[in-house]
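Data first, discussion second: the structure below is written as structure tokens.
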Amino acid sequence: MTDLHLDDRDGVRTITLDRPGSRNGLTTDVCERLAVAVRGAPAEVHVIVLTGANGAFCSGLDLKDAMQRGTTSGPELERGMRVYFHGVIRALVESDRPTIALVDGAAAGFGCDLALACDLRIASDRGVFGEIFVKRGLMPDGGGTWHLPRIVGLGRALELLLTGDLVTADEALRIGLANRVVPHGEALARTHELASAIAKGPPLVHRAVKRAVYAGLDGDLTAALDREATGQLALLGSRDFGEGVTAFLQKRAPRFEGR
């Protein structure tokens, strides 16, 4: 997979888009393999990082490829959108591991939606986010209308969706679109440092927290408290909880196994 690289180290799977001719633009084939890379991560992988090579994150649809394949209209267009492009968004959102988008360069259009589908976003100092669909006479089609209001708030999200304005890394940090901004020369190392630190945590807790947080976005407090109680009671019976207590008493770092 010369245009999609996988690197599994320290409990972290780093997936790198590498399609320099299109600024890491996506095809249906790339989306399918990207979804497989997310869903098929081995058990020893506890965090997934998604990034792009060549000073870009992802420019969205590779329009040139789509035109050559004749998939820019009709049933093939709808199938490509619903099956492959939506498939990779669902793979990221439904992953039971924490996911991190490292945005080094432009995350534009569907590329921005791809970053929004991750749990955390780390931007390099040259990172740029843009829901630029409106500038092409289109609307987001990768979950941007769902994710963006939940990340930055309703008014700010509507402004970005209606104008298509680009957001620099510093502005993204200010409005909560990015969790951190790091120098581009250190971006991969700094992101891996964060990801590996998270990966050392208890996987069962990560899964429970993600389920509860995302379910709670559209629920009420009573339902959230019930989910927390159910999850906590299950975790109290886990081996990882016993390891956490033992490590605390022995004044050492815990060794969580996800059991």
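All of the numbers you see were taken from the coordinates with simple rules; none came from a lab. Keep in mind it's a predicted model, so treat the numbers as computed, not measured. Here the Cβ positions follow ideal geometry from the backbone for every residue, glycine too, while neighbour counts run over all protein chains shown.
Here are some notes:
- Panel order for 246, 2, 27, by other beta carbons found within 10 Å of each beta carbon, from fewest to most: 2, 246, 27.
- Among 52, 216, 87: highest mean-square fluctuation, GNM of the chain, C-alpha pairs under 10 Å: 216
- Remark: the stretch 4-199 carries a charge dipole of roughly 260 debye about the Cα centre, counting +1 on each Lys and Arg Cβ and -1 on each Asp and Glu Cβ.
- Counting only alpha carbon atoms, the long axis of helix 154-163 and the longest principal axis of the chain meet at about 30°.
- Dividing the alpha-carbon radius of gyration of the stretch 203-250 by the rule-of-thumb value 2.2 N^0.38 Å gives 1.32.
- 0 to 90° range, to nearest 10: angle between helix 239-250 axis and the chain longest Cα axis: 60
- Within a Gaussian network of the chain (alpha carbon springs, distance under 10 Å), most fluctuating of 26, 138, 162: 138
- The protection proxy used here, the mean number of other Cβ atoms lying within 10 Å of each residue, ranks peptides 56-62, 106-112 as follows, highest first: 106-112, 56-62.
- Near-label residues of the stretch 110-127 by backbone N, under 19 Å of a point 7 Å along Cα→Cβ of residue 64: 110-111
- Nearest-ten-degree value, helix 187-199 long axis tilted from longest Cα axis of the chain: 40
- Set the Cα radius of gyration of the stretch 4-199 against 2.2 N^0.38 Å, with N its number of residues, and you get 0.95.
- Net charge over other residues, Cβ less than 15 angstrom from the Cβ of residue 175 (K, R count +1; D, E count -1): 0
- Selection among 91, 42, 15 by position relative to the dipole of the chain gives 42 as farthest towards the positive end (Cβ unit charges, Cα centre).
- Within straight-line reach of residue 64, meaning a Cα separation under 26 Å, sit the following lysines at least 8 residues removed in sequence or on another chain: 135.
- By the count of other C-beta atoms within 10 Å, a proxy for reagent exposure, 46, 206, 5 are ordered fewest to most as 5, 206, 46.
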